[in-house]
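I have placed the structure first, in the form of structure tokens, so that the comments after it can refer back to it.
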Amino acid sequence: MNHKGRLLAVWLDNNDKYTIQNHGMKTSLRSDTIIDLVLKTPTISLAPCGTLSYTGSDHLPILMELNGINLQDNNYIISKTYWEIYKNILTIINPCVQKEKEKTYQDKPSKWFTFSQQLLEALKERVTIYHQTAQQRSTLSSSLRLMLKKKHYLQIKYRHGKLEEDRIRLRSWNKLVQYELKSFRQNNWMNFISEVAFPNPTHCWKTVKRLNKKRTASFSAITENDNIYKTPEKIVNCLQNHFSSRFIAPTLNMDNSTDVLAFKLWNELSNSSHEDIELVCENSDLKFTTQDLKSIIRKMNTKNSLGFDKDRTTTIDYQGHVSDQIVITRGAPQGSCFGPKAYIVNLFDLPQIFECPREVHLYVDDLAILYSPSIYLKYIKQTNEIQTRINNDMVKLEQYADNNHQPVYKNKTESVDYHKSVQVPKIRIVYQGQCIQQQRTFKSKMPAWPARLPGQVTGPDRLFTF
């Protein structure tokens, strides 16, 4: 005698919210009676189900088809249950529920079971919200995205074609994409079901919790030594103290032998005469003569450099909390000759070296130049024309580097192509007899640029080509 089965049958007869869908269906290999019940609510009009021919376990899997669930205006109804609130409410009302059980349902287990189910269902409905969305978040893999992109490319290419071979190729790609999409959805669903049906309950709940991800924190904490700063005010104060102490001139430590030797050497150099100082060794690629310094000062005569070498301050802004001004008394470009030199090179020299570049940028010691060919030429002539221009500019760059003692590191120089053509443009760039390595190629759709547009960006330290 199955005592639990009889109690369940009585509960189903007294409850009108659920009806059994699989009457007389064998769902177990060990028993001829119904083991697994499929219950449906009155809102679902029809839900046919059947067992699958799977003998890997004692229970046969049941496949159910749900009908009568319609979505209006192509909107998706998404539910979100606040399980944390659900748990807190259950913790609060637990003493009252236990008293009600001892008082009313002490000798009535079936009614207590019905009461607890209705209570949990009502509580879940009150902590669940529903909202509509017009589209779902894309979950396609990168391989499927590439296949869809290839199919769209073939549709555009062969939409006016009349050859049977082109049509067969397009139809085969279309069928292949449809098959992969169906397999992708099926594999995702089966993986999720297998994770949920894992025997370990902890593993099951970890999988289910992925559907309701927690919101990321607006900011993270900063740890310094043994102190943890979490609020924005404390974070800003910590950063202000750090950078304020960082830009202050260091103090002399008499216990440190290196500091003492450096201090003595600096005093000797400061108090000595220039005639006593003799150049013993010079190992540098950059050589500045007196004429170079005079030309730099002469070119900067009309430029306003106020704030470049003094009154340098900075502030820290973090989520609307602004720190006090931090005075920067040391560090580059303070007291450095590289800044004025790079400024003059970028403003005066670069436009005179290269012939008709589209853009010229100097990033500290890296030079990037963008070349774009003529849009009135064909693809082959575009490639030849831009290759000739770039190689001519490389010759001018070599002459400029030798005359101004600014060497170019050929091993670090690279080339990158940015194009929109079907074939990758093959452009050969030579500097000082060495072919520049083509690092990467990019293909993209840019409506602002003309079709079949190869481009180049070249630079001495690192050659960028787009």
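Pull out the extension gain between Lys396 and Arg428, defined as 0.36 nm times the separation in residues minus the alpha carbon to alpha carbon distance; nm, one decimal.
The span from Lys396 to Arg428 would gain 9.8 nm if fully extended.
Taking amide hydrogens as modeled 1.01 Å from N in the peptide plane, which residues meet the under 5 Å criterion relative to Leu367, leaving out close sequence neighbours?
Under 5 Å from the amide H of Leu367: Asp461, Arg462.
What residues qualify as long-range amide H neighbours of Asp36, i.e. H under 5 Å apart, gap of 5 or more or another chain, H built at 1.01 Å from N?
Result for Asp36 returns Thr27.
For the pairs Lys175/Lys426; Lys4/Lys124; Lys175/Lys381; Lys40/Lys111; Lys124/Lys206, note any where the Cα-Cα span goes beyond 28 Å.
With Cα atoms farther than 28 Å apart: Lys175/Lys426; Lys175/Lys381.
Between Ile316 and residues 5 or more places away or on another chain, which pairs have amide H atoms under 5 Å apart, with H built 1.01 Å from N, and which residues are they?
Ser323
Quick note: the coordinates plus some simple rules give every number you see, no bench work behind them. Just so you know, these numbers come straight off a predicted model, no measurement behind them.
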